[in-house]
Amino acid sequence: MKPRPKILDRIIAIIDQCQTFCVVNHVRPDGDGMGSQLGLTMALQNEGKTVTCWNADEMPSKLAFLDPQHSVRPPRPNQAFDCVIALDVASLERLGATEPHIANRTHFINIDHHPSNTRFADLNWVVPRSPSTGELVYRLLRAANWPISPAIADCLFTAVSTDTGSFQYPSTRPSTYVIAGDLVKRGANLANICHEVYQSYPLSRVRLMQHILNHFKLVADDRIAYYWLKPNDFTRTGANASDSEGLIDHVRAIEPVVVACQFEEVAPQVIRISLRSKSEDVDVGQVALQFNGGGHQAAAGARIEGNPLSVQRRVLLAIKKALRSK
Ligand code: 5GP
Ligand code: MN
């Protein structure tokens, strides 16, 4: 293990001084965001702290097993917190409708692994080479000597596993396996996590997948694959927003494809793009930045306003440029 960064000691010292906390993650919370948030919430509660754990966007139902105590609940209007901790949040905008509810605070801590992190808090522990925020929460708990219960281990294992694509993304490091192994040793229920997260997709999600496989398009010598999700595709299949998470990976996995792009019309003239790259030489984080979004080299996204076809044309052009410059 590397020497522990000074910022970690400062974070632990602040947490020690504080009693009331609000722990938040990003809009459309995912496995890393929820696992980090619930794991840290439980650890703080075990230390006798009063913790509000909340996001304005609902937790995906497949992650509900991580919260058997139903710890996720909204704060009171204008509730005051000694300390707010944002996890896996790259910028203030990524807090969405949660942000106004955490304004009444003394300390603000930001723990994240996105290279595009804007360091928006008072204390920012941002480690872009960390494959997940869950790994950082694990390091925090170990450094502070707070016990990692089986329930906390479940949360952190889910965070580490989902943000590494089940230990497959190139961001996965030897220490990732060491941490995952330690979490299993401390009681993470591997069989249950894999069943809940990877082996129990609702039929609505499979129907959405069917739509994608029937409609995806290939351009740039089959190196770019893209598809659209329109409001009607969700209505027809009965899928909700969280059902679409991860579907893009199946399109990315097609052999000649280097970059996969999902266009989702979230409101009239508002398009959410998700980008995935399979080549370390093609940085989709840079592509997303051109549209005021963000993310990592291999996975990124943005919200873009405009006419759907013109957004599609601009995004595909930017991806083609990124492919040419590799
Ligand atoms: P996804 O495609 O799964 O929604 O997001 C992939 C990655 O890009 C995630 O790491 C996420 O944090 C980041 N990301 C997605 N959408 C946005 C966005 O609108 N702004 C920023 N800054 N990052 C985004
Ligand atoms: Mn993450």
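The values are calculated or read from the model by the stated rules, or taken from the named source; none is laboratory data. The structure presented is a predicted model; accordingly, all values stated were derived computationally and were not measured. Note: ideal-geometry Cβ built from the backbone for every residue, glycine included; neighbour counts use all protein chains shown. For the accessible areas, the whole protein counts, side chains as well, though only heavy atoms, and no ligand, DNA or RNA atoms are used. Shrake-Rupley method; radii C 1.70, N 1.55, O 1.52, S 1.80 Å.
Within the stretch 20-51, take every residue that is away from ligand 2 (no atom under 16 Å from the Cβ) and part of a helix (DSSP H, G or I) and give me the one that is nearest to the chain's Cα centre (by Cα). Working first, answer last.
We begin by selecting, within the stretch 20-51, every residue away from ligand 2 (no atom under 16 Å from the Cβ); these are 20-22, 41-51.
Now restrict to residues that are part of a helix (DSSP H, G or I): 41-46.
On the way: Thr41: 17, Met42: 19, Ala43: 20, Leu44: 21, Gln45: 23, Asn46: 25 Å.
By that ranking, first place goes to Thr41.
Filter the stretch 297-311 down to the residues that are modelled with pLDDT of 95 or more and open to solvent by 40 Å² or more (accessible area, probe 1.4 Å), then identify the one that is farthest from ligand 1 (Cβ to nearest atom).
The extreme case among them is Leu309.
When only residues in the stretch 21-62 that are of a type in the set (Ser, Thr, Tyr) and surrounded by 18 or more Cβ atoms within 10 Å (Cβ to Cβ) count, which is nearest to Arg139 (Cα to Cα)?
So in the stretch 21-62, the residues of a type in the set (Ser, Thr, Tyr) come out as 36, 41, 50, 52, 61.
From the residues that got through so far, the ones that are surrounded by 18 or more Cβ atoms within 10 Å (Cβ to Cβ) too are 36, 41, 52.
Numbers: Ser36: 11, Thr41: 15, Thr52: 22 Å.
Checking each candidate, the answer is Ser36.
For the stretch 251-296, name all the residues that are open to solvent by 50 Å² or more (accessible area, probe 1.4 Å) and at positive phi.
Listed by number, the residues that qualify are Gln269, Asn292.
Looking only at residues in the stretch 171-203 that are touching a helix residue (DSSP H, G or I) at 6+ places or on another chain (Cβ under 7 Å) and among the β-branched types (Val, Ile, Thr), which one is surrounded by the fewest Cβ atoms within 10 Å (Cβ to Cβ)?
Of everything passing the filter in the stretch 171-203, Val184 is surrounded by the fewest Cβ atoms within 10 Å (Cβ to Cβ).
For the stretch 233-259, enumerate the residues that are under 18 Å from the mean Cα position of the chain (by Cα) and aliphatic (A, V, I, L, M).
Listed by number, the residues that qualify are Ala241, Leu247, Ile248.
What residue, among those in the stretch 126-150 that are within 14 Å of ligand 2 (Cβ to nearest atom) and not in a loop (DSSP other than H, G, I, E, B), is surrounded by the fewest Cβ atoms within 10 Å (Cβ to Cβ)? Even if it seems obvious, please write down each step before you answer.
To start, the set of residues in the stretch 126-150 that are within 14 Å of ligand 2 (Cβ to nearest atom) comprises 126-138.
Next, from what is left, pick out any that are not in a loop (DSSP other than H, G, I, E, B): 126, 133-138.
On the way: Val126: 20, Thr133: 32, Gly134: 35, Glu135: 24, Leu136: 23, Val137: 28, Tyr138: 26.
So, considering only residues that are within 14 Å of ligand 2 (Cβ to nearest atom) and not in a loop (DSSP other than H, G, I, E, B), the one surrounded by the fewest Cβ atoms within 10 Å (Cβ to Cβ) is Val126.
I'd like to know if the stretch 65-76 contains one or more residues that are within 16 Å of ligand 2 (Cβ to nearest atom), farther than 19 Å from Gln19 by Cα and outside any loop (DSSP other than H, G, I, E, B). Lay out the reasoning, then the answer.
At the first step, the residues of the stretch 65-76 found to be within 16 Å of ligand 2 (Cβ to nearest atom) are 66.
Among the residues that remain, those that are also farther than 19 Å from Gln19 by Cα are: 66.
Going one step further and asking which of them are outside any loop (DSSP other than H, G, I, E, B), we end up with 66.
Checked the stretch 65-76: at least one residue is within 16 Å of ligand 2 (Cβ to nearest atom), farther than 19 Å from Gln19 by Cα and outside any loop (DSSP other than H, G, I, E, B).
How many of the residues in the stretch 204-233 are open to solvent by less than 30 Å² (accessible area, probe 1.4 Å) and aromatic (Phe, Trp, Tyr)?
Qualifying residue count, the stretch 204-233: 2.
Could you please tell me which pairs satisfy a Cβ distance under 6 Å, a separation of 6+ or placement on different chains, a first residue in the stretch 216-232 that is over 12 Å from Leu316 (Cα atoms), and a second residue that is surrounded by fewer than 13 Cβ atoms within 10 Å (Cβ to Cβ)?
Sorted first by the residue in the stretch 216-232, then by its partner, the pairs are Asp222/Pro256.
State all residues of the stretch 312-326 that are open to solvent by 20 Å² or more (accessible area, probe 1.4 Å) and not small (Gly, Ala, Ser); if no residue qualifies, say none.
Across the stretch 312-326, the qualifying residues are Gln312, Arg313, Arg314, Leu317, Lys320, Lys321, Arg324, Lys326.
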